[in-house]
Amino acid sequence: MITPNEIKDKTERKYISFLQSLVEQRPFEKLIIRGDKSYTKSSLSEFEREIQQIHSHSKEKKGFGYTLEFQKVKTKHLGTQDLPISIYFDNEKEFLKFLGKENEVDSFKSNVEIILREFPELNDWIIKNPKKVIDNEDLWEGILKVCQYFKENPKPNLYIRELPIKVHTKFIERNQSIVKELLYVLIAEYTNTEVKEFEKRFYLKYAEPQIRFKVLDSAISEKFLSGIDDVAIPVSQFEKLDLPIKKVLIVENKTSLYTTLTLPKMNNTIAIFGSGFSVFNLKNVRWFENLKLFYWGDIDVQGFEILSQFRTYFPQTKSILMDKKTFDIYFEDDKGTPSKLSAKLKLTDEEQLLYEILKTNNWRLEQEKIPIDYVNKYFDKE
């Protein structure tokens, strides 16, 4: 026999469709919860107890909630008995009081009215997402202010905290998910769907990645940078950098960048901290195209995968200090991070062979394990 908890669960599952009916302005229809049409237990006392449980939570007993409809049914063991074949709610008030949702629905109705007064075009979104209206019930005043601003200024070109909207400075950042959904509807034609980041998608300014590099030619640093040779600038500025550079060395790890402080001076050369797979930040540096590019990473599977990634942007890139000889000299039986990558990599035959060895054995030699004297001797030959 159906239990009070099962009645509650089945009633709650009808709540979302009820909210949708409110937005669609459909009148409340008698809401029916199906009961059992059979009873297989053989204990009369248990049967009576179960009937009593259901009845104790009904409108007849509590003064609100569901109404029970019984029908005489012939049971297997207890003969003919009255079974609750239908449990129903006569009206909206009974339904909501049973669920304890009266205040929540009052707030929902009020918010829906406010939203649609400002943006009638959000009607379909509300029908699909009534729960989100409730989840953000205390935020709609601010959310609508944000939406109104973007509707009037679809490409602000300002930082989020610069936007002249009378909300908390962190309001948009904290509520990006719901704001983003609404703006997809309200200003779809001004949305950059090719990017994921909120700021880029809605034409806001954003904090750019920094490119840090070391100028290894003192003549260049003196002439163009007032002697400064350790520099970090936004990627958009780096893309426009105009220095007489002929060679670029990309190093994978920050520790290895600090190592470049002791590298020998090299004419027309800079060393860049690539920050692992973040080398993608360099993919639009068009002045790289005619330069000699070198990549120096850990001798592990990720190091070669990053090298391969960088070569998709700049095919002329050569690896340095990532060879079998260096690995054999300084390997200390360190374990790496397993890779599940199966795609074909842009590696030379020698690099591919070492990559397979590293992948099979999960071996790793970090850049930092290679002595600086060995590194300097390598560059002295270059």
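The values are calculated or read from the model by the stated rules, or taken from the named source; none is laboratory data. Everything numeric in this text was worked out from a predicted model, so none of it was measured. Every residue, glycine as well, gets a Cβ built from its backbone with ideal geometry; the counts of neighbours run over all protein chains shown.
Tell me yes or no: at least one residue of region 128-140 is more than 24 Å from the chain's Cα centre (by Cα) and part of a helix (DSSP H, G or I).
Looking through region 128-140, none of the residues is more than 24 Å from the chain's Cα centre (by Cα) and part of a helix (DSSP H, G or I).
With (1) touching a residue at least 40 places away in the same chain (Cβ under 8 Å); (2) at positive phi as the list, and residue 245 as the residue in question, which single condition is left unmet?
Evaluating residue 245 over (1) touching a residue at least 40 places away in the same chain (Cβ under 8 Å); (2) at positive phi leaves (2) as the failure.
Pull up region 308-341, narrow it to residues that are among the hydroxyl-bearing types (Ser, Thr, Tyr) and in contact with a Phe, Trp or Tyr (Cβ under 7 Å, 6 or more places away or on another chain), then point me to the one that is farthest from residue 293 (Cα to Cα).
Step one: of region 308-341, the residues among the hydroxyl-bearing types (Ser, Thr, Tyr) are 308, 312-313, 317, 319, 326, 330, 337, 339.
Filter once more, so that each one left must be in contact with a Phe, Trp or Tyr (Cβ under 7 Å, 6 or more places away or on another chain): 317, 319.
Working: 317: 5, 319: 9 Å.
Filtering region 308-341 for residues that are among the hydroxyl-bearing types (Ser, Thr, Tyr) and in contact with a Phe, Trp or Tyr (Cβ under 7 Å, 6 or more places away or on another chain), the one farthest from residue 293 (Cα to Cα) comes out as 319.
Take the residues in region 75-84 that are in a strand (DSSP E or B) and in contact with a Lys or Arg (Cβ under 9 Å, 6 or more places away or on another chain); name whichever of them is modelled with the lowest pLDDT. Give the derivation first.
Narrowing region 75-84 to residues in a strand (DSSP E or B): 75, 79-84.
In the following step, the residues that additionally are in contact with a Lys or Arg (Cβ under 9 Å, 6 or more places away or on another chain) were identified as 75, 80-83.
Details: 75: 69, 80: 73, 81: 72, 82: 72, 83: 72.
Checking each candidate, the answer is 75.
Determine whether residue 358 is under 34 Å from the mean Cα position of the chain (by Cα), in a loop (DSSP other than H, G, I, E, B) and in the same structural domain as residue 290 (by TED's automatic domain parsing).
Details: under 34 Å from the mean Cα position of the chain (by Cα): yes; in a loop (DSSP other than H, G, I, E, B): no; in the same structural domain as residue 290 (by TED's automatic domain parsing): yes.
No: the conditions fail for residue 358.
For residues that are closer than 21 Å to residue 106 by Cβ and in contact with a Lys or Arg (Cβ under 7 Å, 6 or more places away or on another chain), scanning just region 16-38, find the one that is modelled with the lowest pLDDT. Spell out how you get there, then give the answer.
Going residue by residue through region 16-38, those that are closer than 21 Å to residue 106 by Cβ are 16-29, 31.
Next cut, in contact with a Lys or Arg (Cβ under 7 Å, 6 or more places away or on another chain) only: 16, 22, 31.
Working: 16: 96, 22: 97, 31: 89.
Once the filter is applied, the top-ranked residue is 31.
Considering each of 308, 275, 226 in turn, give the residue that is farther than 23 Å from residue 349 by Cβ, touching a residue at least 12 places away in the same chain (Cβ under 8 Å) and either acidic (Asp, Glu) or out of contact with any strand residue (DSSP E or B) (no Cβ under 6 Å at 6 or more places or on another chain) (or both). Full working, then the answer.
Working: 308 fails: farther than 23 Å from residue 349 by Cβ; 226 fails: touching a residue at least 12 places away in the same chain (Cβ under 8 Å).
Criteria check complete, one pass: 275.
Out of 152, 181, 162, 173, report the one residue that is among the acidic types (Asp, Glu) and closer than 19 Å to residue 133 by Cβ.
Numbers: 152 fails: closer than 19 Å to residue 133 by Cβ; 162 fails: closer than 19 Å to residue 133 by Cβ; 173 fails: closer than 19 Å to residue 133 by Cβ.
Going through 152, 181, 162, 173 in turn, just one is among the acidic types (Asp, Glu) and closer than 19 Å to residue 133 by Cβ: 181.
It is to be established whether one or more residues within region 314-328 are assigned to a strand (DSSP E or B), among the aliphatic types (A, V, I, L, M), assigned by TED's automatic domain parsing to the domain that holds residue 234 and in contact with a helix residue (DSSP H, G or I) (Cβ under 9 Å, 6 or more places away or on another chain).
Of all residues in region 314-328, those assigned to a strand (DSSP E or B) come to 318-319.
Imposing the further condition that a residue be among the aliphatic types (A, V, I, L, M) reduces the set to none.
No, region 314-328 contains no residue that is assigned to a strand (DSSP E or B), among the aliphatic types (A, V, I, L, M), assigned by TED's automatic domain parsing to the domain that holds residue 234 and in contact with a helix residue (DSSP H, G or I) (Cβ under 9 Å, 6 or more places away or on another chain).
Please state which one of 283, 240 is surrounded by fewer than 18 Cβ atoms within 10 Å (Cβ to Cβ), over 28 Å from residue 368 (Cβ atoms) and charged (D, E, K, R). Break it down stepwise before answering.
Values: 283 fails: over 28 Å from residue 368 (Cβ atoms).
Unique residue meeting the criteria: 240.
In the list 143, 134, 115, 87, which residue meets the criterion of being within 30 Å of residue 5 (Cβ to Cβ), surrounded by 15 or more Cβ atoms within 10 Å (Cβ to Cβ) and either modelled with pLDDT of 95 or more or out of contact with any helix residue (DSSP H, G or I) (no Cβ under 7 Å at 6 or more places or on another chain) (or both)?
Result of the check over 143, 134, 115, 87: 134.
In region 166-181, which residues are in a loop (DSSP other than H, G, I, E, B) and of a type in the set (A, V, I, L, M, F, W, C)?
Restricting attention to region 166-181, the residues satisfying the condition of being in a loop (DSSP other than H, G, I, E, B) are 166-170, 175.
The answer is 167, and nothing else.
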